[in-house]
Amino acid sequence: MSTPQNLEASSPAGGQATGTLSDGAAAVAIARTSRGAYPQRSWRKTLRRDWQLYSLLVLPLIFLLIFRYMPMAGNVIAFRRFRPGSSIFGDEWVGLRYVELFINDAKFWEVFQNTLILGALGLLIVFPLPIILALLLNEVRRIWFKRLVQTISYLPHFMSIVIVAGMVFQIFSVQGTINQVITAVGGDAVNFMQRADWFRTIYISSEVWQTVGWGTILYLAALTTIDQQLYEASRIDGANRWKQTWHITLPGIRPTMVTLLVLNIGTFMAVGFEKVLLLYNPLTYPTADVISTYLYRVGILSSNFSYATAIGLFESLIGLTLILSANAISRRLVGTSLW
Amino acid sequence: MVTDSALKDQAGAPDPTRLARRLERPTPTTVKDSRGYKVFTVINVLVLTGVMAITLYPFANIIAQSFSSEGFINAGQVNLVPRGFNVETYRTVMADNMFWINYRNTVVYTVVATTIAMVLTTTYAYAISKKNLRGRNFFIMVAVFTMFFNGGLIPNYVLINAIGFTNTIWAIVIPNAISVFNLLVMKAFFENMPDELEEAAAIDGLGTYRTLLRIVLPLSKAVIATMVLFYAVSFWNSWFQAFLYLDDARLYPVTVYLRNLIAGATTATSVAGGSSDGMTQVASNIQSVTMVLTVLPIICLYPFIQKYFVSGVMLGSVKG
C-alpha cells in the first residue's frame, strides 16, 4: 500500500491567491481583468518586497528542475536514438519505433499481465486488511493492549526492504520455518523461492506483513472523529455493536477509504519494484517479472536505453491516467476528491 | 478529508504524544454488553495476539538464527530458540572490515542526505506556506506534480551518469532530497503558525531569513524532529540508489552489503571462507547476524520515535 499522502496543496480552489501583499481583493480583481502593464509593475514591486522569500525558493526549485523535471523531459529518448555518453535527450528522432517494438514484444505483454495480477492482488488483499485491523483495534477497551498491538504492528514499516527480503528468504527457505511445519505434518519440503507458482503468495504475504499495521493509522484517526452521539442514539434505538459498525463506523471512515483507494489505484502499476527485484530469480520470472523489473534489465543491464524508456513512459502514463480517472469516479460517486 | 476536524484544534502546536494518544482512545461503552459481544471480545483479543505473534516472529527467527550454529540451521531445527548457541558468527561478521566500512557509509549517507533534504524541504515549505506569496499556487503545483508523474528509471539513470554523480556520495544524497509528502506536512505546519508572531518580528525589523531562523524554526522543533526522522529512516533503509550508481564496494551502504549476501554474490566469501560445509548454510548464519546488526539501531530507537511518525502521518492528512 502506498504511504497516505496529503494532496491538499494541489487544490485549485485556492486559485485566488495570485494577488500581491497589501493590495487586497480589489487589486486582485484588477490584476485579473487587465492583464496589461499592471501585473508587470506589481511583480517588480512584489519582488522588491519579498525577494528574501523568493530567494528561499531558488535552491529547491533548481533541485526540482534538475532532478525531477529534467528526467521527465529525458523521456523524449523514447522517441529518439540515444547513445550513452552523448546528449541525455538523444541524437535523432526515430518516431514510434521503440513503441512499436514493445507493442510487438510478447515478453512485454507477459510482464504487463504479471504487473496487473500483482497489482490486483494487492488491491484485493492488502488494501482491505488495514480497515479490518483498525475496526478490531477500535473494539479493544484496554488501552495498554491496544497500544501494544499498535506499537508492534507498526514495526515492520520501519524495516528496509532488504531486511524484509532477507527474512522472506530465511522463512521460506528449504530449512526455514514454513518447511519445518510442512515436514512436521508429514509433507515434503518445498523450495518456495525457486517456484514460480509460489511467488505471488510470497510477495503478497510479505506485503501484508510489512504494511497492514502501519496502514491502520489513518483509519484509526478517522474513527476518532466519528460523533459519539451517533452511537448513543443508535443504542437507544436498539442497534447492536455489529449494526453500529455497519451503519455508523463504516460510513464514518468511508472518505478515508476512498482517498486511500484512489491513491492505491494510482500506484497500481508501480508494484513494489525493489521488492520484486530482491525476491525474484530467473526461475520465478514467469510470475514475478513485472514491467519495472523488465525495463530495468532491458535498459540498465542490457543498455537498451530508448526501448526501456518507451516502456517506462507507457507505465507512467497509465499510472497518471489511473489516478486521474479513479479520482474523477470517486468525486462523482462519493464526492471525495484528492484535490 | 475526514481527519480534518480531529486535527484542526491542535494543528497549531501538534504535540506528538497527544496526537498518538488520540488514536488510542477507546470507544466509550456504558451499556452492558450482550453475550455475543463478550464472545467477540475474546476472539478479538486472540486475533490481535495472533497479529502480534506473526509480526514478531520473523524478528525472533533471525535473532535465533544469528546465535545458532550452522549445523542446526541447515537441519531445519532453528525457529524461535537458538540451537547450538554461539557468538562466533557475530565475531566473524564484526571482524569483516568491509562490514564496518559499509556501516559507516550508511551513517555518513544518512546524515548528509538528511541535512540536504531538511534544508531544501524547510526553505521551500516555508516560502510556499506564505499565503500572500505571489505565484504560490504555481510553486505548489511544481512540487505536487512530481508526485504523480516522474521521469522514470532510465531517464534518471542517464541524468545521474551525465552529471558525473556515478560512484560518488552525491548519487545517494542528492537525487531524493525533497519528498513531496514531507514538504506538504511542513507546509501545513507553517501555515498553522499564528501570523502575529511573524508580524511582531517584522515590526522589530527582522527580515525573512532572521524571522525563519530565530522565530519560526525554534517554534517548529516538533515538526522538524518528525521530518528528520522520516528522512533519516528512509535514507538509512534505502539500497537501490546505491546499488544502481555505485560500483566500488568501499562506497556501499550496509543495505547493499546485506543485499549482496542475500543474492549470494557475497562480499563476505572471505569471511565465510574456510568452511567446507558449503556457502548457503554459512551465509544464512551470517545473513541473520548482518540483519540483526543493521536493524538494531532502528529497533533501539523505535519506541522513542514511533509517536513522531504517527503524528507526522496524521499532520500530512490534515486537510487532504
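The values are calculated or read from the model by the stated rules, or taken from the named source; none is laboratory data. What you are looking at is a predicted structure, and each value in this text was computed from that prediction instead of being measured. Neighbour counts run over all protein chains shown; Cβ positions are idealised from the backbone, glycine included.
What to note about this one:
- Taking the conditions (1) buried (at least 17 other Cβ atoms within 10 Å of the Cβ); (2) within 11 Å of chain A (Cβ to nearest Cβ); (3) part of a helix (DSSP H, G or I) in turn, B:R210 satisfies each one other than (1).
- When residues in segment A:228-237 are screened for being within 10 Å of another protein chain (Cβ to nearest Cβ) and either touching a Phe, Trp or Tyr at 6+ places or on another chain (Cβ under 6 Å) or of a type outside the set (F, W, Y) (or both), 4 of them pass.
- Any hit, segment A:80-98, residues being among the acidic types (D, E) and either assigned to a loop (DSSP other than H, G, I, E, B) or surrounded by 20 or more Cβ atoms within 10 Å (Cβ to Cβ) (or both): yes
- Check on A:F127, of a type in the set (F, W, Y), within 27 Å of A:N264 (Cα to Cα) and assigned by TED's automatic domain parsing to the domain that holds A:G213: yes
- Test for A:L101: is it in a helix (DSSP H, G or I), facing another protein chain (nearest Cβ under 8 Å) and not acidic (D, E): no
- Evaluated against (1) modelled with pLDDT under 90; (2) of a type outside the set (D, E, K, R); (3) over 16 Å from B:M118 (Cβ atoms), B:V185 falls short on exactly one condition, (3).
- Residue satisfying condition, being outside any loop (DSSP other than H, G, I, E, B) and closer than 26 Å to A:V258 by Cα, within set A:I329, A:I311, A:I300: A:I329
- Residues within segment B:158-173 that are facing another protein chain (nearest Cβ under 7 Å) and surrounded by fewer than 23 Cβ atoms within 10 Å (Cβ to Cβ), tallied: 2
- Candidates B:I215, B:I262, B:I224, B:I286: the one that is in the same structural domain as B:T106 (by TED's automatic domain parsing), aliphatic (A, V, I, L, M) and at pLDDT 90 or above is B:I224.
- Of all residues in segment B:135-146, those being more than 7 Å from chain A (Cβ to nearest Cβ) and assigned to a helix (DSSP H, G or I) number 2.
- Any hit, segment A:20-28, residues being surrounded by 14 or more Cβ atoms within 10 Å (Cβ to Cβ), touching a strand residue (DSSP E or B) at 6+ places or on another chain (Cβ under 8 Å), modelled with pLDDT under 90 and outside the structural domain of A:N304 (by TED's automatic domain parsing): no
- Within segment B:175-187, the set of residues being within 22 Å of A:A73 (Cβ to Cβ) and at the interface with chain A (Cβ under 7 Å from one of its Cβ atoms) comprises B:P175, B:A177, B:I178.
- Being small (G, A, S), crowded, with 17+ Cβ neighbours inside 10 Å and either on the phi > 0 side of the Ramachandran plot or modelled with pLDDT under 90 (or both) holds for only one residue in A:G272, A:G238, and it is A:G272.
Okay, residues lined up against (1) more than 7 Å from every other protein chain (Cβ to nearest Cβ); (2) buried (at least 20 other Cβ atoms within 10 Å of the Cβ); (3) touching a residue at least 24 places away in the same chain (Cβ under 8 Å):
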site	(1), (2), (3)
A:A106	yes, no, no
A:Q113	yes, no, no
A:I125	yes, no, yes
A:I143	no, no, no
A:I152	no, no, yes
A:H157	yes, no, yes
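- Selected residue [modelled with pLDDT of 95 or more, more than 25 Å from the chain's Cα centre (by Cα) and surrounded by 13 or more Cβ atoms within 10 Å (Cβ to Cβ)] from A:L64, A:L53, A:L101, A:L59: A:L59
- Flag for B:A177 being in a helix (DSSP H, G or I) and of a type outside the set (K, R): no
- Meets criteria (within 25 Å of B:W236 (Cα to Cα) and surrounded by fewer than 22 Cβ atoms within 10 Å (Cβ to Cβ)) for B:L153: no
- Taking helices (runs of 4 or more DSSP H) as the structural unit, those lying wholly within segment B:20-134 and holding at least 3 residues that are at pLDDT 95 or above and surrounded by 13 or more Cβ atoms within 10 Å (Cβ to Cβ) correspond to B:35-66, B:97-128.
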